[in-house]
Each structure stands twice: as structure tokens, then as C-alpha cells.
Amino acid sequence: MTKKILGILGGMGPKATAVFFERVIDRTEAGQDQEHIDIVMLNHASIPDRTKAILEGKTEAFLQAVERDLRIFETAGVNHIAIPCNTSHYFYDEIQRRTEIPIINMVEETVKIIHKRYGPECKVGILATAGTLKSGVYDRVCHQYGLSLYLPDEGMRRQAMKIIYENVKKHMDVSPEELESLILSLVEQGCACVILACTELSCISLGDEAAVYAVDAMEVLVERAIQLSNKGVKGALITKVE
């Protein structure tokens, strides 16, 4: 089987990138160093904020920064690119147009898994940045698969942004109580599951009660990145649906 090189376009944010990288290593079936995936990782922490770019309509600086990273991946011979940042997928089509290297679409892969697991017409909750919610990137893909995306109310959105920007990005605080409360509140409102649609939220380890309802977009991306690198996945639960 041909050995493939995975590119990780990271830094959005650095903590989430580190968690993604560690999960790829932990979830790859390998008995020695040489059996792991060759990875080119760019922790481009100074890249412009994605949510700000979307809310203010100033996207070109972000795209120009990404394009420089794409040239590095091309020079390195990367076969697939993973971007562990949900908000950046607002720019997915534009980024893909700027390179011939296939980029794994975390949003579409996540929605496909939900469709397979819960069936069409199920009510799906989402917790994400204001940029991701405003972009409608999950709305569009859920609509394509016949799913009903349920957006949190304004108070819940503010609380999610606090967890993302204050708790995780600023203070590296990954205590689960606030996130678990939001997930269970959405379930009480009739959601069959809740998408963790921000990789900062993926840094938080949930208790069993909330975890059973969470569909972690980062975890989906981890499994697809490993599979597309021609490697086995340890305990493939997300992307292996009966």
C-alpha cells in the first residue's frame, strides 16, 4: 500500500492543533515509529482570525495567508490536507480552488456520519463560533442531507463563545461542566445529537452523560485523515457506522 503524506494546516488555534495531532498519533494503528503517518504540520498561529474575517467581510488577508501555506504543502509532496478548524470551512471551496491537493471537508464528513447514524429529518444541535453560525456552512450541508439544524439561542451562543475564546483559547481551561450543560440543554430541546463544531470544544473531555449525544467534528476529521493516509484506525467509532 502506497505511503501517503498528510498535511495539517493548523494554528486555528494552537491548542486545538496540538490535540488533533496527538489524536492522529494515538488513533493510528502502528506498532513502531515507521508505521505512523508522515505528517507536515504548519502551526500558523498568526493567521487572521476566521470569525472576525467572516463577521467583518474581510476575507482576503486570511486567504492570502492560507495560499502561502498551500505552496509549502505542495513542495513537500503532501497527498491530503486536514484543517482542524470548523470556521475556516466557510472558505473551503476557495481554498480548494487554490491547490490540487485534496482537502478533507470536515463539515461534510461530519454531517454524512450524522445522516448515516440518525437517519434523515433528525433534529441536530450545534455549538460553534459566531463566525461558523453566521456562515451557514453547517446549515447548507445539513439541508443537502435532509437534516434539521437547530441553532442555539443567543444566550447559549454567548456562552459557547466564552468557552471557546476565554476558557480554552485564552486560559487553556478545559473543564467540562459548562459545555456539558449546553449539550444537555439542546438535547432537552429535542436534538438527537449535538455537533461540536469548534475544535476548541473538541479539547474538552466530556462525561458519559453528555458525550453520548456529542458528535465531535474533530474526531471525524481524525479518522478520515488516518483512513485517507492508508492506515488503520484504532477503535473507529465515528466513521464506521453499522
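The numbers here are math on the coordinates, done by the rules we state, and not lab data. All of these numbers come straight from a predicted model, not from anything done at the bench. Note that each Cβ is placed from the backbone with ideal geometry, even for glycine, and that neighbours are counted across all protein chains shown.
Under the criterion of Cα pairs below 8 Å and six or more residues apart, the relative contact order for segment 106-217 equals 33 percent. I need the calculated FRET efficiency for the pair ALA211 and THR75, taking r as the beta carbon distance and R₀ as 45 Å, to the nearest 0.05. Step by step, r from the Cβ atoms, then E = 0.65.
Compared with the direct C-alpha span, the chain from ASN230 to LYS58 gains 58.2 nm at full extension, assuming 0.36 nm per residue. Length gained on full extension, ARG158 to ARG117: 11.8 nm, using 0.36 nm per residue less the C-alpha separation.
Based on the Cβ-Cβ distance of GLU166 and TYR145, what FRET efficiency does E = 1/(1 + (r/R0)^6) give at R0 = 35 Å, to the nearest 0.05? It comes to 0.60.
Structure note, pairs LYS116/LYS234; LYS170/LYS234; LYS3/LYS234; LYS134/LYS234: Cα-Cα distances above 25 angstrom occur for LYS170/LYS234; LYS134/LYS234. Considering the chain at the alpha-carbon level, its Rg and Dmax are found to be 17.1, 50 Å. Once the mean 1/r over all distinct Cα pairs of segment 106-217 is inverted, what Kirkwood radius in angstroms do you read off? In segment 106-217 this quantity evaluates to 13.8 Å. Kindly list the residues of segment 30-51 that lie in the label zone of ARG98, defined by a backbone N under 18 Å from the point 7 Å along the Cα-to-C-beta vector. Residues 41-51 qualify, since their backbone N sits under 18 Å from the label point.
Compute the relative contact order of the chain as a whole-number percentage, counting only Cα pairs closer than 8 Å that sit 6 or more residues apart in sequence.
26 percent
Computed per residue of the chain from DSSP H runs no shorter than four, each worth -39500 (n - 2.57), the mean residue ellipticity at 222 nm is -13000 deg cm²/dmol. Among THR28, THR51, a tally of other beta-carbon atoms within 10 Å of each Cβ gives an order, fewest to most, of THR28, THR51. Quick one: which residues, 5+ away or cross-chain, put their amide H under 5 Å from the amide H of ILE126? H built at 1.01 Å from N. Residues meeting the criterion, in which the H sits 1.01 Å from N, are TYR150, ILE195. Counting only residues at least eight positions apart within a chain, or on another chain, the aspartates and glutamates with an alpha carbon under 17 Å from that of LYS162 are ASP49, ASP153, GLU154, ASP173, GLU177, GLU178, GLU180, GLU200.
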